[in-house]
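Quick note: the coordinates plus some simple rules give every number you see, no bench work behind them. Predicted, not measured: the structure shown is a model, and the values here were computed from it. All Cβ positions, glycine included, derive from the backbone under ideal geometry; neighbour counts span all protein chains shown.
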Amino acid sequence: MTLALFTEQLLNGVQFGIMLFLMAAGLTLVFGVMGLINLAHGSLYMIGAFICATVAVATGSFWLGLIASLAGAAAAGAVMEIVVIRRLYARDHLDQVLATFALILIFSEGTRWVFGSFPLYLDIPPILQGAVFLPGGVQYPLYRLAIIIAGLAIALGLYLLISRTRLGMRIRAGESDREMISALGVDIRTLYTIVFALGAALAGLAGALVGAIQSVQVGMGEPVLILAFVVIVIGGIGSVKGALIGAILVGVVDTMGRILLPQFFALFMENAQATSVGSALASMAIYILMAIILALKPQGLFAAGA
Amino acid sequence: MKKMIFASLLGLSLTASAVAMAEPVKVGMITTLSGGGSGLGVDVRDGFMLAAKMAGNKDLEVVIEDDARKPDLAVQIADKMIQKEKVDILTGIIWSNLAMAVVPGAVGQGVFYLSPNAGPSALAGKGCHENYFNVAWQNDNLHEAMGGHASSAGFKNAFILAPNYPAGKDALTGFKRFFKGDVAGELYTKLGQNDYAAEIAQIRASGADSVFFFLPGGMGIAFMKQYAQSGVDTPVMGPAFSFDQGILKAVGDAAIGVKNSSQWSKDIDNPANKAFVEGFQAEYGRLPSLYASQGFDTANLILSAMNKADVKDADAFRAALKEADFDSVRGDFKFDSNQHPIQDIYVREVIKEGDVLTNKIVGVGLEDRSSAYVDACKL
């Protein structure tokens, strides 16, 4: 494997990781602060993509679509929190899983009802079309590069929000002792709604960004959701830093596994067999990674409030 | 005298059909209506129901359930349909891994299975069954035509990829069977995968002169969009599954000019096809895909057999199915001894008609193609 190919694959892994981070950040915050398992997080991802595609087609501008997806997903998240989720904080995890699973079905069928079963068209904005040459002779799609940069900027923004602002302080306080902060006069209900809407907005943004290079269709959120759960378990539940590191780790391991494992087996196997054994093992790679990390650090890499 | 003979013949045929129509036929359709591959199932269902509606035969009863592309769920639905709903015929499955899970058990319980889409090699050869009919194609067929086309178009070094499931393996086997050049790289991706950055990077590094990919549904959309952005300009080609009507709409202009192979196209010139394409557009407000055409043909095959035999008389009904006495939208259609079609496979090109992307036939890839496994079938 040449250095250029290796670099390109590494970038692919990081880019995939960044997308997972946008999903996992909201999930881990909601879990960390409110103790809630939200299976419907993938639906917010789908909602973001559908809103972006609809607005982009109606107005002709991807950027308006992106803003609309952020706002729309945040609004959907806030409504979801107020109408359903709020009633679940005191319940055990099984009730939460059941209720949020119901939300997945409602959102999926609702979206199908409105938009139909066929994928929508959403294209990359003209300014980000095509590929660029990076130092070292690597040719890389500009849009994916933009996703990496945007994702890292969002990670920095989240870090500053949580460590440097009053809202962040309350979020951290909520993570460590929720009775105490409500006793201190903080409006915990509003805080929860804000955190939930923030996570929803990030998921919606991820959906819109990914929708432009994948397909915008009903059910697009659930496969990502599973990976996002893997990420927050690896990173440590409730830790945004853990989510970032875990996401990039999962992204890189998954991408590299998909390329390297078939090549590894091809060294001593017939090609067709090597590809099928390699691909099968590659799809397990991240779960093996998760198992190893949990064996060494049962709380995850950066357990918050543990 | 002449008139009398005619009248008595008419009377005879009326009684014959009255006997044949005595028992209603219950069809159970298990297809993918939710999740990633739902566009395919919806098209098969809509094509099937359009044929049923156009025929207006009150004795055809259809129950439809969604398998969500999950093999375990498909098996449960099949058992329920056979035991509780007492269906005579099962149909509808899109994905070969689901077909492999459902079909052997279903035909073993004495119901008919008519495949409107999946045609895994394992069921075309040694695993063939007298109650299993494939109305679409054996999985390898479309890919074989594309392999032949790639050779005649002068490609010598192809990079090939497909999802890691039975139809994906059949696809690459089929392509290689007729492709005379070298294979620069061969990849199996995850079924339902949506990000192909890693695969595209390997294509870039491989030095191939062409890319053949079999990625149906949302997978094909994602691949084509990402490929168009990657800066790789190696020409792509594939079976119709990678460029069907549902995919083209979401991929956009990036697909124009791409060659793909299909047993059906909306511009095949015969009355049945014209009626189908017009009827489909009038009913559903969109262009039909090849999946819809397969659903339509499946329903018409059932209807043709219903006019000849009673479904409760399995031997007679099987013989009636085997005659394939219906006007297929593809033109010539007959069953080989393994009960898979013998049909022409065309090469199509993606064009823009007004502002709609669609396919146009540019040549015949393989004429009267049966399947490679027919000799292994002991029917």
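The mean number of Cβ atoms from other chains found within 10 Å of a Cβ in peptide A:217-223 is 6, as a whole number. With kT/(6 pi eta Rh) evaluated at 25 °C and eta = 0.890 mPa s, and Rh the Kirkwood radius from Cα pairs, the protein assembly as shown diffuses with a coefficient of 92 µm²/s according to Stokes-Einstein.
Among the trypsin sites (Lys or Arg not before Pro) found in the stretch A:64-113, those both in a DSSP coil and sparsely packed, with 15 or fewer other Cβ atoms within 10 Å of their Cβ, are A:R91. Computed over chain B with a Gaussian network model linking Cα atoms closer than 10 Å, the most mobile of B:D344, B:D67, B:D253 is B:D253.
With a Förster radius of 25 Å, plug the Cβ-Cβ distance of A:L167 and A:W63 into 1/(1 + (r/R0)^6) and report the FRET value to the nearest 0.05. Before the final figure, lay out the partial values.
Values: r = 26 Å, r/R0 = 1.06.
Step by step, r from the Cβ atoms, then E = 0.40.
When cysteine pairs in the protein assembly as shown are screened for C-beta atoms closer than 4.7 angstrom, the residues that find no partner are A:C52.
Within the protein assembly as shown, antiparallel bridges make up roughly 40 percent of the DSSP beta bridges whose residues both belong there.
Take the Cα radius of gyration of the stretch A:55-177 and divide it by 2.2 N^0.38 Å, N being the number of residues; the result is 1.43.
Using r as the Cβ-Cβ distance of A:L105 and B:K126, and R0 as 35 Å, what FRET efficiency do you calculate, to the nearest 0.05?
Efficiency, rounded to the nearest 0.05: 0.30.
With the convex hull constructed from alpha-carbon coordinates only, the stretch B:272-379 shows a mean projected area of 8.4 nm² over all directions.
Per residue of A:206-216, other chain Cβ atoms within 10 Å of the residue Cβ number 4 on average.
Calculated mean residue ellipticity, 222 nm, the protein assembly as shown: -19000 deg cm²/dmol, from DSSP H runs (n ≥ 4) at -39500 (n - 2.57) each, averaged per residue and rounded to 500. A Förster radius of 25 Å, combined with the Cβ-Cβ distance separating B:K308 from B:K378, puts the computed FRET efficiency at roughly 0.45.
Averaging Cα coordinates gives a centre for the stretch B:163-216 and one for the stretch A:24-60; these two points are 32 Å apart.
Once you reduce the stretch B:258-277 and the stretch A:229-306 to the center of their Cα atoms, the two points are 45 Å from each other. Arranged from fewest to most other beta-carbon atoms within 10 Å of their beta carbon, A:Y45, B:Y346 become B:Y346, A:Y45. Tally Lys/Arg at +1 and Asp/Glu at -1 over every other residue whose Cβ is under 13 Å from the Cβ of B:D182; what's the total? Counting the neighbours of B:D182, the net charge comes to +1. The trypsin sites (Lys or Arg not before Pro) of the stretch B:304-378 meeting both criteria, a DSSP state outside H, G, I, E and B (loop) and at most 15 other C-beta atoms within 10 angstrom of the site's C-beta, are B:K312, B:K378. Counting only other chain Cβ atoms within 10 Å of each residue's Cβ, the peptide B:162-169 averages 2. If I fit a long axis through the Cα atoms of helix A:271-296 and take the longest principal axis of the Cα atoms of chain A, what angle between them do I get, 0 to 90°, rounded to 10? Helix A:271-296 sits at roughly 40 degrees to that axis. Shown here is the pair-distance distribution of chain A: with all Cα-Cα distances grouped in 10 Å bins from zero up to the longest one, the shares run 6, 25, 33, 24, 9, 2, 0 percent.
The angle between the Cα long axis of helix B:271-284 and the longest principal axis of the Cα atoms of chain B comes to about 80 degrees, rounded to the nearest 10. The alpha carbon centroids of the stretch A:75-97 and the stretch A:157-204 are separated by 16 Å.
Rg then Dmax, both in Å and based on the Cα atoms of the stretch B:101-141: 9.4, 29.
Of all lysines in the structure, those lying under 24 Å Cα to Cα from B:K70, and not within fewer than 8 positions of it along the same chain, are B:K26, B:K80, B:K84, B:K86, B:K169, B:K190.
Does anyone have the angle between helix A:142-164 and the longest principal axis of chain A? Alpha-carbon axes, 0 to 90°, nearest 10? Approximately 30 degrees, to the nearest 10. Ordered by the count of other Cβ atoms within 10 Å of each Cβ, fewest first, B:D315, B:D46 give B:D315, B:D46.
Take A:25-37, B:260-272 and order them by the average number of nearby Cβ atoms within 10 Å per residue, most first; the result is A:25-37, B:260-272. Within the stretch A:162-201, none of the trypsin sites (Lys or Arg not before Pro) combine a DSSP coil assignment with at most 14 other C-beta atoms in a 10 angstrom radius.
Among the listed pairs B:K259/B:K352; B:K249/B:K360; B:K176/B:K225, which have their C-alpha atoms separated by more than 24 angstrom in this model? Over 24 Å Cα-Cα: B:K176/B:K225.
Fewest-first ordering of A:C52, B:C377 by other beta carbons within 10 Å of each residue's beta carbon gives B:C377, A:C52.
Among residues other than B:F213 with Cβ under 15 Å from its Cβ, the summed charge is 0 (Lys and Arg +1, Asp and Glu -1). Annotation: the antiparallel percentage among DSSP beta bridges lying fully within chain B is about 35.
Which number do you get for Rg(Cα) / (2.2 N^0.38 Å) in the stretch B:58-161? Intermediate results must be reported in sequence, preceding the final value.
Details: Rg = 16.6 Å, N = 104, 2.2 N^0.38 = 12.8 Å.
With N residues counted in the stretch B:58-161, Rg over 2.2 N^0.38 Å equals 1.29.
Once the Kirkwood radius over Cα pairs is known for the stretch A:1-51, the Stokes-Einstein relation at 25 °C and 0.890 mPa s delivers a diffusion coefficient of 190 µm²/s.
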